[in-house]
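The values are calculated or read from the model by the stated rules, or taken from the named source; none is laboratory data. Source: prediction; values computed, not measured. Quick reminder, even Gly has a Cβ in these numbers, built from the backbone with ideal geometry, and neighbours come from all protein chains shown.
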Amino acid sequence: MTTALFTWVGESLFGIFEGAGQFTFLVRSTIQWLGRRSIEGRQTLVQIVRIGIDSMPVVLLTSFFTGMVLALEMGQTSQHFFNEPLFIGTVVSFAIVMELGPVMTAIVVAGRAGAAIAAELGTMRVTEQVDALYTLGTDPVRYLVIPRVLAFLAVLPFLTVMADFSGIIGGYFVAASKMHVPPNVYWHDIIDNMLPRHFWHGYLKTYVFATSVSFICCYKGITTRGGAEGVGRSTTAAVVMSMVSVLVLDYFATAVLNALGIT
Amino acid sequence: MIEAKGVVKRFGDRTILRGVDLTVEQGETLCIIGGSGCGKSTFLKCVIGLLRPDEGRVTVDGLDIAEMNEETRIGDYRRRFGYLFQEAALFDSMTVWENVTFGLRYLTRTDPSKFRSIAKDKLALVGLKDIEDFKPAELSGGMKKRVGLARAIAAEPSYILYDEPTTGLDPIMSDVINDLILDLQKQLKVTSIVVTHDMKSAYKIASRIAMLHEGRVLESAPPEAIKRSENPYVHQFVEGLSQGPIKMKLKDYEPDAAARQGTAG
Ligand SMILES: Nc1ncnc2c1ncn2[C@@H]1O[C@H](COP(=O)(O)OP(=O)(O)O)[C@@H](O)[C@H]1O
Ligand SMILES: [Mg+2]
C-alpha cells in the first residue's frame, strides 16, 4: 500500500521532471534554430493564414458578445446607482482592451488553432511522419514547431486588436439601442480616457500568450504516443494546459506591466 | 560499411534488442528476418539515428552518430541514407510528387524547377505513373509503400534501409521491387539493409540473411546456407512452420509472447 503510494508519487514526479526537461529541450532547440536564421518562410505563411482564418470568425463573435454583455451589466448598475447610464464606453473599452480582449482571444485561439496543431502534429508523430522529416534531412523543430510559433506571434496580436474593436462595437450597439446613450457620448467616453499605455498593456500580453500556447500545443503534439487514442489525449491536454497557462500568465504579465508603469 | 556492436535498446523496462552484432559490407544487401515485434524496425532506427542505442554502438563509414552533436555533422551522416518506413509515413498534407522530392531540398542542391520531373522518373522506377498530384489518402496501401520507396531513393543515397518493402504488394509487384533493389545494388553500388518476412524476396535479393530472435542475431549467412540451416529456430522460420521451438502463444498471456506479438508486422 505505502510502497504503491511511493511508487505512484515517484513516477508522477519523474513524469513531471521528464516532461519539463523535454519541454525545455524544445524551447532551447527552437532558439538555436532561430539563431541559425533557417526559417521555413512558406510554412510560416501557410500557418499564419490557417490560424488567422480558422480563428477570426469565432474570435470576433465571442468578443462582440462580451462587449454587449459588459454594456448591459454596466448600464444596469449605473442606472441603479445614478439613475442614468454613465461611462459605459469607458468601462467597456478598458475592460476589453486591457484584459478581456487579450485573454479571451488567446483562449479561443487555443481551443481552435491550438487543438488543431496538437492533433495534426500528434497524428504526424504516431504515423512516423515526424521521423520521416528527420530521415529526409530536416528537423521537426525547424519544419513544424518554428513556423507555428512564429505564426502565433504574428497572428494573435492582430486577432486581439480585431477582437478589441469588435467588443467595443458590440458594447456600442447595446448602449445605443437599449440604454439610449447618444453615439458621440459613447465614443467620447472612450477617446477622452484611453491612453496609448492602456492599449500597450493589453497588446504586449498577447505575445506572452502566443508564446505559451504555441509551445504547449506543439510540445503536446510532437510528444504524442499511442495511436489515435494518444492523439485525442494529447489534444485535450494541450488545450487545457494552454488555457490554464493563459490565465496564470495573465496575472504575472499584469504584475510586471504594472511594475513597469504600462497600465 | 555499417557496423553494429552489442546494440541494446530498451523501451521502459522492456529490452527489445539484447546485444545485436551485425556488419554490412560495402555493396552488400543484408536481409534481416524475424518474427513480428522482435525489434527489426527498432534496429533500423538505431542505424539511421532515429533511436539511440542504450548500450553498444553503430558506426557507418567509421562515424558514430552518438558522438555527434553539431547539426551539420548529423546532417552529413543522415545524407548517406534513404529510409523506407514500414507504413510508408508519407506526409498527408502534401501531394505525391511533393512527398517524393521533399528530401531533395535538404539533402541535395537540386534546382527546384526540376523536382516534378525527378518525381516522375522515380515514380516510374517503382511502377507508378500519373499519380503525381494525388494526396496519400487517395492511394492504396501498396501504392503508398511504393511512393515511400520512391521518396527513399530520390536523393540517391549510398545506404538504403528498407522496412518490409514488399509487404502488402501483389506477387508481381513484389518482384518488380525486388528487381529494383537488385538494380540499385548492382548499378549504383548501394549498400542496403532489408527487413522482410517474404522469404522468396529475401532469397532473391540478399547477399546475406540474418535472423533476429529475442533481441539477438541467431544466425547470419548467405541465402543458401540459411535455406539449409540446422538451427531449429531458423529452420522453423524460413520454412514457415507452426510447430517448432518458436512458440507463438495465442491463449496464455505471457509477457514474452506479448512482446513478440505486440505490434503486428
Ligand atoms: N517507441 C516505442 N516505444 C515503446 N515501445 C516500442 C517503441 N517502438 C517499438 N516498441 C516495441 O518494441 C518492439 C519491437 O518493435 P519493432 O522494432 O517495430 O518490431 P518489428 O520487428 O516487428 O519491426 C515491439 O514490441 C514494440 O511494441
Ligand atoms: Mg517492423
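Screening residue B:172 against (1) more than 14 Å from chain A (Cβ to nearest Cβ); (2) within 16 Å of ligand 1 (Cβ to nearest atom) leaves a single unmet condition, (2). Only one of the numbered conditions (1) among the β-branched types (Val, Ile, Thr); (2) part of a helix (DSSP H, G or I); (3) surrounded by 16 or more Cβ atoms within 10 Å (Cβ to Cβ) is violated by residue B:209, and that is (2).
Is it fair to say residue B:58 is under 15 Å from residue B:161 (Cβ atoms) and more than 16 Å from ligand 2 (Cβ to nearest atom)? Outline the logic, then answer.
On the way: under 15 Å from residue B:161 (Cβ atoms): yes; more than 16 Å from ligand 2 (Cβ to nearest atom): yes.
So residue B:58 fits the description; yes.
The condition of being farther than 28 Å from residue A:230 by Cα and at pLDDT 95 or above holds for only one of A:150, A:121, A:60, A:86, that being A:60.
Per-residue answers, yes or no, for (1) within 16 Å of ligand 1 (Cβ to nearest atom); (2) within 14 Å of chain B (Cβ to nearest Cβ); (3) under 21 Å from residue A:21 (Cα atoms):
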site: A:193; (1), (2), (3): no, no, no
site: A:196; (1), (2), (3): no, no, no
site: A:227; (1), (2), (3): yes, yes, no
site: A:242; (1), (2), (3): no, no, yes
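For segment B:173-206, a residue qualifies if it is buried (at least 20 other Cβ atoms within 10 Å of the Cβ), in contact with a Leu (Cβ under 8 Å, 6 or more places away or on another chain) and not aliphatic (A, V, I, L, M), and exactly one does: B:192. Residues that are of a type in the set (S, T, N, Q) and either at pLDDT below 90 or closer than 19 Å to residue B:20 by Cα (or both) were ranked within segment B:218-265; the one that is nearest to ligand 1 (Cβ to nearest atom) is B:263. Looking across segment A:1-19, the residues that are within 17 Å of residue A:237 (Cβ to Cβ) and of a type in the set (Gly, Ala, Ser) come down to A:12, A:15, A:19.
For residue B:142, the conditions (1) in a helix (DSSP H, G or I); (2) within 16 Å of ligand 2 (Cβ to nearest atom) are fulfilled apart from (2).
Checking the structure you have, find out if any residue of segment B:132-150 is within 26 Å of residue B:235 (Cα to Cα), under 16 Å from the mean Cα position of the chain (by Cα) and at pLDDT 95 or above. Checked segment B:132-150: no residue is within 26 Å of residue B:235 (Cα to Cα), under 16 Å from the mean Cα position of the chain (by Cα) and at pLDDT 95 or above. Only one entry of A:99, A:120, A:128 meets the criterion of being without any contact (Cβ under 8 Å) to a residue 60 or more places away in the chain and either under 21 Å from residue A:217 (Cα atoms) or away from chain B (no Cβ under 14 Å) (or both), and that entry is A:128. One residue alone among B:92, B:21 is within 14 Å of chain A (Cβ to nearest Cβ), in contact (Cβ under 8 Å) with a residue 12 or more places away in the chain and more than 13 Å from ligand 1 (Cβ to nearest atom), and that residue is B:92. Assess whether residue A:47 counts as being in a helix (DSSP H, G or I) and surrounded by fewer than 20 Cβ atoms within 10 Å (Cβ to Cβ). In short, no. Of the residues B:33, B:16, the single one that is within 16 Å of ligand 1 (Cβ to nearest atom), under 20 Å from residue B:223 (Cβ atoms), more than 14 Å from chain A (Cβ to nearest Cβ) and in contact with a Ser or Thr (Cβ under 7 Å, 6 or more places away or on another chain) is B:33.
Would you mention how many residues in segment B:36-52 are more than 14 Å from every other protein chain (Cβ to nearest Cβ) and more than 13 Å from ligand 1 (Cβ to nearest atom)?
Taking segment B:36-52 first, the residues more than 14 Å from every other protein chain (Cβ to nearest Cβ) are B:36-40, B:43.
Filter once more, keeping what is more than 13 Å from ligand 1 (Cβ to nearest atom): none.
Matching residues across segment B:36-52 total 0.
Candidates in segment A:50-84 are the residues that are among the acidic types (Asp, Glu) and over 19 Å from the mean Cα position of the chain (by Cα); of these, the one that is surrounded by the fewest Cβ atoms within 10 Å (Cβ to Cβ) is A:84.
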